[in-house]
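Okay, so here's the structure we're looking at.
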Amino acid sequence: MIFRYGLWPAALDLWRIASNDPRAAQWEAAHWKDGQLIAPGLTPLPLPQIAARTHTRNGVTGAMAHGFNRWAWSQATFAIDGQNWTADIDALALRRGVGKFVRLDRTNVKFPPTDYSRSGPTYTAQCGTLVRIEIDRATGALRIAKGYSVLECGNALVPQVVIGQAQGGFAMGVGYALLESLPLYEDGPGNGKWTLGQYVVARGSYLPLRDLEIEMLPAVDANERPKGMAEVVMIPVVAALVNAIFDATGHRFRALPVTQEMIKGVLT
Amino acid sequence: MTTLSVTINGRTYGPTEVRDALTMNDYLREYLGLTGTKFGCGAAQCLSCAVIVDNPDGTSYTSPTCIVPAASFNGKSIRTVEGHAKNGELSTLQKAFIDHFAFQCGYCTAGFLNESQALLERLARKRVPRAALEKTIAEALDGHLCRCTGYFKYHEAVRDVILADPQRYLV
């Protein structure tokens, strides 16, 4: 996306090739070599020069896409710069220049038939999480002020249990991200002497007991079968927390758990 | 060996001779077959094994059983998860746990039930302001570990029981 709708039009600009020139449609013939864009019969252009022109002409500088696969990919059409562009994705957002990402409207959305699930691959639910945290500057203590998880698990058999699992997954994710350490070797839990005193898991007091919202999306289509969702509800909680800690402190932690002591150590 | 007499859910057991090292958890589960009380961490850190101990003055408290000798319960009166329903009718709290889907695997449930019941009775004796309720519930239940539903639904269930009868529990 960035090349086709950002860099390539900027390169045409630099080459002074008009959009109705046949060469303007030959982006697939171009390639990169040593940081330069090479196209048949044209002057090689360095990436920084093309990137700068992309920014001045407010071209595409960022792209985010979402796809879905069930033996075949979902598909949709997006209108970009007056052209219809169809691809194996079902959502697309673009950023122009240094602007914000803007989600594009889609048409002709097609999801592979539910029957394709019989081809063998199994699918789990999708889940994403957002958290709002507060960190005490003096102590590094972290408090989760609010949590939000959104998931799609097909047709939920017992919605209350799905919500319960999502809440429990949130609690487990908090433990995984902030508390639970299982070191290897003689001093670790493998020595058989550990209790919950060493292996610290999340208690109620670590959680936003009144401020966790779980949003269960409707199934992708009416025939969608139920999908496993017991583990997935924990995974994004960890990323959300570590990203929130990065937002708050400017420090990117690369190992888990991120304990209060570690957070305190990077506060200035 | 020690002689043990204990009242459990209103019924007296003993006197019986027990080893000094026998835990109350083993006594309940292995000697009496009262397996509703669970054995969890074995270190009094998860409280799935907690029971209610009733004092003669009408007050009560909860106690773990996994690392506590059975002999130390001699002469005491306790309640376990088996004692909450009366004549096959679940208690208000038990119904609330079910209505809220508070538990899933159920391993921590007996401990949460006993702790929450003790809390309700404590509040009935000494009511708290509404503003203090959330903290009161949170502190009462914080010793108990849950790995399925992550506490949220237990707290909601207890809160609902209290808010459904504010004159009884709240100032």
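Scan the stretch B:97-109 for residues that are open to solvent by less than 10 Å² (accessible area, probe 1.4 Å) and either part of a helix (DSSP H, G or I) or at positive phi (or both) and jot them down.
Of the residues in the stretch B:97-109, the ones open to solvent by less than 10 Å² (accessible area, probe 1.4 Å) are B:97, B:102.
Result: B:Phe97, single match.
Pull up the stretch A:203-219, narrow it to residues that are more than 7 Å from every other protein chain (Cβ to nearest Cβ) and buried (at least 19 other Cβ atoms within 10 Å of the Cβ), then point me to the one that is farthest from A:Ala145 (Cα to Cα). Break it down stepwise before answering.
Taking the stretch A:203-219 and keeping what is more than 7 Å from every other protein chain (Cβ to nearest Cβ), we get A:206, A:208, A:211, A:213-219.
Still in the running and buried (at least 19 other Cβ atoms within 10 Å of the Cβ): A:206, A:208, A:214.
Values: A:Tyr206: 10, A:Pro208: 6, A:Ile214: 15 Å.
Filtering first and then ranking leaves A:Ile214.
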- Among B:Ala124, B:Ala131, the single one that is free of Cβ contacts under 8 Å to residues at least 60 places away in the same chain, touching a Lys or Arg at 6+ places or on another chain (Cβ under 7 Å), away from every other protein chain (no Cβ under 11 Å) and open to solvent by 40 Å² or more (accessible area, probe 1.4 Å) is B:Ala124
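Got a sec? Which of A:Val158, A:Val174, A:Val200 is within 14 Å of chain B (Cβ to nearest Cβ) and open to solvent by less than 20 Å² (accessible area, probe 1.4 Å)? I'd like the intermediate steps shown before the answer.
On the way: A:Val158 fails: open to solvent by less than 20 Å² (accessible area, probe 1.4 Å); A:Val200 fails: open to solvent by less than 20 Å² (accessible area, probe 1.4 Å).
After applying the criteria, what remains is A:Val174.
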- Query: Has the stretch B:9-26 got at least one residue that is open to solvent by less than 30 Å² (accessible area, probe 1.4 Å), part of a helix (DSSP H, G or I), touching a residue at least 12 places away in the same chain (Cβ under 8 Å) and not acidic (Asp, Glu)?
  - Reply: yes
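Would you tally the residues in the stretch A:234-251 being away from chain B (no Cβ under 14 Å) and either assigned to a loop (DSSP other than H, G, I, E, B) or of a type in the set (A, V, I, L, M) (or both)?
Of the stretch A:234-251, the ones away from chain B (no Cβ under 14 Å) are A:235-236, A:238-251.
Next, from what is left, pick out any that are either assigned to a loop (DSSP other than H, G, I, E, B) or of a type in the set (A, V, I, L, M) (or both): A:235, A:238-242, A:244-245, A:248, A:250-251.
Qualifying residue count for the region: 11.
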- When you go through (1) within 30 Å of B:Leu133 (Cβ to Cβ); (2) within 14 Å of chain B (Cβ to nearest Cβ) one by one for A:Glu231, which number turns out not to apply? (1)
- Query: Do you know which residues across the stretch A:45-59 are among the β-branched types (Val, Ile, Thr) and either over 16 Å from A:Leu14 (Cβ atoms) or open to solvent by 20 Å² or more (accessible area, probe 1.4 Å) (or both)?
  - Reply: A:Thr56
- Just wondering, is there one or more residues in the stretch B:47-61 that are over 30 Å from B:Ala157 (Cα atoms) and surrounded by 18 or more Cβ atoms within 10 Å (Cβ to Cβ)? no
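Yes/no matrix, rows are residues, columns are (1) within 16 Å of A:Phe68 (Cα to Cα); (2) at pLDDT 95 or above; (3) assigned by TED's automatic domain parsing to the domain that holds A:Ala72; (4) out of contact with any Asp or Glu (no Cβ under 9 Å at 6 or more places or on another chain):
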{"position": "A:Asp90", "(1), (2), (3), (4)": "yes, yes, yes, yes"}
{"position": "A:Leu94", "(1), (2), (3), (4)": "no, yes, yes, yes"}
{"position": "A:Leu104", "(1), (2), (3), (4)": "no, yes, yes, yes"}
{"position": "A:Gly140", "(1), (2), (3), (4)": "no, yes, no, no"}
{"position": "A:Arg143", "(1), (2), (3), (4)": "no, yes, no, no"}
- Return the pairs, sorted by first residue and then second, in which the second residue is among the aromatic types (Phe, Trp, Tyr), the first residue lies in the stretch A:171-197 and is under 17 Å from B:Cys148 (Cβ atoms), the beta carbons are less than 6 Å apart, and the residues are 6+ apart or on different chains. A:Val174/A:Tyr206
- Query: If a residue has to be in contact with a strand residue (DSSP E or B) (Cβ under 9 Å, 6 or more places away or on another chain) and surrounded by fewer than 22 Cβ atoms within 10 Å (Cβ to Cβ) to count, how many in the stretch B:27-38 make the cut?
  - Reply: 3
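Could you tell me whether any residue of the stretch A:73-84 is touching a residue at least 40 places away in the same chain (Cβ under 8 Å) and at negative phi?
First, pick out the residues of the stretch A:73-84 that are touching a residue at least 40 places away in the same chain (Cβ under 8 Å): A:80-81.
If we keep only those that are at negative phi too, we end up with A:80.
Checked the stretch A:73-84: at least one residue is touching a residue at least 40 places away in the same chain (Cβ under 8 Å) and at negative phi.
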- Task: Take A:Thr139 and decide whether it is over 24 Å from the mean Cα position of the chain (by Cα) and within 30 Å of A:Met262 (Cα to Cα).
- Result: yes
- Task: Can you run down the residue pairs with Cβ atoms below 8 Å, 6 or more apart or on separate chains, where the first is in the stretch A:213-236 and of a type in the set (A, V, I, L, M, F, W, C) and the partner is part of a loop (DSSP other than H, G, I, E, B) and open to solvent by 50 Å² or more (accessible area, probe 1.4 Å)?
- Result: A:Ala219/A:Asn155; A:Val220/A:Phe111
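Would you please name the residue that is surrounded by the most Cβ atoms within 10 Å (Cβ to Cβ), looking only at residues in the stretch A:89-146 that are among the polar types (S, T, N, Q) and closer than 25 Å to A:Leu178 by Cα? Walk me through it before giving the result.
First, pick out the residues of the stretch A:89-146 that are among the polar types (S, T, N, Q): A:107-108, A:114, A:117, A:119, A:122, A:124, A:126, A:129, A:139.
From the residues that got through so far, the ones that are closer than 25 Å to A:Leu178 by Cα too are A:126, A:129, A:139.
Working: A:Gln126: 17, A:Thr129: 25, A:Thr139: 12.
Top of the filtered list is A:Thr129.
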- Could you check how many residues of the stretch B:139-153 are within 7 Å of chain A (Cβ to nearest Cβ) and aliphatic (A, V, I, L, M)? 2
- A:Ala145 vs (1) within 11 Å of chain B (Cβ to nearest Cβ); (2) in contact (Cβ under 8 Å) with a residue 24 or more places away in the chain: all pass except (1)
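The values are calculated or read from the model by the stated rules, or taken from the named source; none is laboratory data. Not measured: the values here are computed from a predicted model. Counting neighbours? That spans all protein chains shown, and the Cβs are built from the backbone with ideal geometry, glycine included. Protein only, heavy atoms only, side chains kept; ligands, DNA and RNA dropped before computing areas. Shrake-Rupley method; radii C 1.70, N 1.55, O 1.52, S 1.80 Å.
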